[in-house]
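Take a look at the structure below.
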Amino acid sequence: MKHKFLKILLFLSICLILACGRTIIDDAIPSLTPPALTSIDILPNNKVKINWYFDEYQEPLVTGFRIERSENNGKFQVLSVDITPNQRSIELAEPFRSGKVSFRLLCKTIKDTVASAVVSYFAQAVPNNAFCSSISATLLQGIDKPNVYLSWKLATNSVNYVGNYVVQRSVNKAPFQTIATTRNPYFLDTNAEVGLNYNYIVRLATNNCPSNEIPITVNNQSVGLCPQNFKLNFISGRDKKSVLLNWDAQLADFATFYVFRKTSESGVFEKLTPVGIRTTVFEDKTELKAKTTYFYKINTQIDSQPPINCETSVLEIKNY
């Protein structure tokens, strides 16, 4: 009887060990972090572009994305479901709208799980007869032809409407066309031609609120933008000499001057103003070596679309 009891006990122990040691493997749904919406861009055609990124290690799990939109905290509606797994941006077929607009990005995985991220913007409605900015235009001389320099400031009724600016132009009374978007309150149109009549307006991209309309005729009576009449002179000090440089040019927010110097004709120019200056006078206070000839030039970099630059001829001065 005792042996029979031990056999039963041994059998039960083996069963218990097998039961406790058994491993059950479930096909778990993979963990997924939401895609991150990085920005909402305003394109030159005043459309909306959504950009996002996604962790690389999660890419094998992704089967696609879709975009939804909500207005004024309402229900989200599907905008697009045809976004491929490798896309990281999409241009939507709609302009910016007034009020609160939210976009939600949803990500589908191989397990049909969905992760989402939401980004919103708010644009107040503007009366149809409101001007949001006051614009002015000036002719500036570029490298080979005059350019139109536009500058503007927000009107008092547009404090809450700040955003990207859309620059539009009409040539000889033709319909207005968008030529640029910018975050700066100025723009240099380098594509204007002598003899043509232009009209410009600037709009706030978030709600299409326009500026006043400014006309300008492009002719050769323009203010110099590139440096001209470059001159330099020694200034005597108590224990050293410095060089004073001056030149003629129109000062503008988008034009920056750089001063270069070298100590031989075959040498390499050194930039004396790494961050650039916005004056037409510069004093080289570096201690100058005796019996050395120095060569100087001025380069102007113009923040336009595309960027342009122009420079003076090289002048030399001898330190005896």
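At a glance:
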read-out: Of all residues making up the range 291-320, the number that are within 19 Å of Glu265 (Cβ to Cβ) and either of a type in the set (A, V, I, L, M, F, W, C) or surrounded by fewer than 18 Cβ atoms within 10 Å (Cβ to Cβ) (or both); value: 14
read-out: Odd one out for Lys153, checked against (1) touching a Ser or Thr at 6+ places or on another chain (Cβ under 9 Å); (2) among the charged types (D, E, K, R); (3) modelled with pLDDT of 85 or more; value: (3)
read-out: Qualifying residue in the range 52-62 (condition: assigned to a loop (DSSP other than H, G, I, E, B) and either within 15 Å of Val118 (Cβ to Cβ) or modelled with pLDDT under 75 (or both)); value: yes
read-out: Selected residue [acidic (Asp, Glu) and modelled with pLDDT of 80 or more] from Asp112, Asp189, Asp144; value: Asp189
read-out: Lone unmet requirement of (1) under 20 Å from the mean Cα position of the chain (by Cα); (2) modelled with pLDDT of 65 or more; (3) surrounded by 19 or more Cβ atoms within 10 Å (Cβ to Cβ) for Tyr161; value: (2)
read-out: Residue in the range 198-216 that is closer than 18 Å to Lys145 by Cα, exposed (fewer than 15 other Cβ atoms within 10 Å of the Cβ) and either among the polar types (S, T, N, Q) or modelled with pLDDT of 85 or more (or both) present; value: no
read-out: Residue in the range 233-251 that is farthest from Ile135 (Cα to Cα), counting only those that are surrounded by fewer than 17 Cβ atoms within 10 Å (Cβ to Cβ) and at pLDDT 80 or above; value: Ser242
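The values are calculated or read from the model by the stated rules, or taken from the named source; none is laboratory data. Values in this document were obtained by computation on a predicted structure and should not be read as measured data. Glycine also receives a Cβ, built like all others from the backbone with ideal geometry; neighbour counts cover every protein chain displayed.
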